[in-house]
Amino acid sequence: GAVVSQHPSWVICKSGTSVKIECRSLDFQATTMFWYRQFPKQSLMLMATSNEGSKATYEQGVEKDKFLINHASLTLSTLTVTSAHPEDSSFYICSAPGDANEQYFGPGTRLTVT
Amino acid sequence: GDSVTQMEGPVTLSEEAFLTINCTYTATGYPSLFWYVQYPGEGLQLLLKATKADDKGSNKGFEATYRKETTSFHLEKGSVQVSDSAVYFCALSEWSGGSNYKLTFGKGTLLTVNP
């Protein structure tokens, strides 16, 4: 079946530094990937749609200069949180579309900014 | 815009109890409907789906029927187990342009099953 991986699974960084999170489709190609943010005990909020070969599409209210997305290949999308602050601490989840409008989700990356 | 409203939790049940988690939606078109499950510390896994009205999705003893007339997709299981303890998300998928479909999620319902 379709598998999406994320790396790292958790990361702790200092305020002001940047962190890169990778999302890979392991056994299929994905021209599109989605990045979500999940706050504790809350639902997933779509941040942006990552498009291979073109710019990402950001949802309203998401700072594109803070959350840099690069869809480097048909199996890899990266999310870089620049100049991270404690309020950026969250669970970040990526997904890739599959058949019948389904999405395959990665296991998530827990970011803690100290 | 599209939205999903699901029963707020937390829901606490004893093992072998009957489970219902209500989910209703609003959408401008004809969405596909999903239930995703998130176990502690993990990402989301697809539990079941239905792509058109009157379809019934089922998996691992869970069922949900796509009811267009009531715009609902309630999740049910006849006999829950401790291992079913997780957060359950109802979601809809609609076309967002090109070949892309966006998922809109409900807020999630935390289920705890006690032995």
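The values are calculated or read from the model by the stated rules, or taken from the named source; none is laboratory data. What you see is a predicted model, and the numbers here were worked out from it, not measured in a lab. Please note: Cβ atoms are built from the backbone with ideal geometry, for glycine as well, and neighbour counts cover all protein chains shown. Keep in mind that these areas ignore ligands, DNA and RNA; they rest on the heavy atoms of the full protein, side chains included. Shrake-Rupley method; radii C 1.70, N 1.55, O 1.52, S 1.80 Å.
Can you report the number of residues in the stretch B:44-54 which are more than 11 Å from chain A (Cβ to nearest Cβ) and either assigned to a loop (DSSP other than H, G, I, E, B) or open to solvent by 40 Å² or more (accessible area, probe 1.4 Å) (or both)? So the count comes out to 2.
When you look at A:D27, is it without any contact (Cβ under 8 Å) to a residue 40 or more places away in the chain and over 25 Å from B:Y88 (Cα atoms), yes or no? So A:D27 fits the description; yes. Scanning the stretch A:49-69 for residues that are closer than 18 Å to A:Q29 by Cα and either surrounded by 15 or more Cβ atoms within 10 Å (Cβ to Cβ) or hydroxyl-bearing (S, T, Y) (or both) turns up A:T49, A:S50, A:N51, A:E52, A:S54, A:A56, A:I69. The selection criterion, being within 12 Å of another protein chain (Cβ to nearest Cβ), at positive phi and either modelled with pLDDT under 95 or surrounded by 13 or more Cβ atoms within 10 Å (Cβ to Cβ) (or both), holds for B:G41. Looking only at the stretch B:85-105, decide whether some residue is modelled with pLDDT of 90 or more, open to solvent by 20 Å² or more (accessible area, probe 1.4 Å) and assigned to a loop (DSSP other than H, G, I, E, B). Scanning the stretch B:85-105, I find at least one residue that is modelled with pLDDT of 90 or more, open to solvent by 20 Å² or more (accessible area, probe 1.4 Å) and assigned to a loop (DSSP other than H, G, I, E, B), so the answer is yes. Taking the numbered list (1) touching a His at 6+ places or on another chain (Cβ under 9 Å); (2) at the interface with chain B (Cβ under 9 Å from one of its Cβ atoms) in turn, A:F34 passes all entries but (1).
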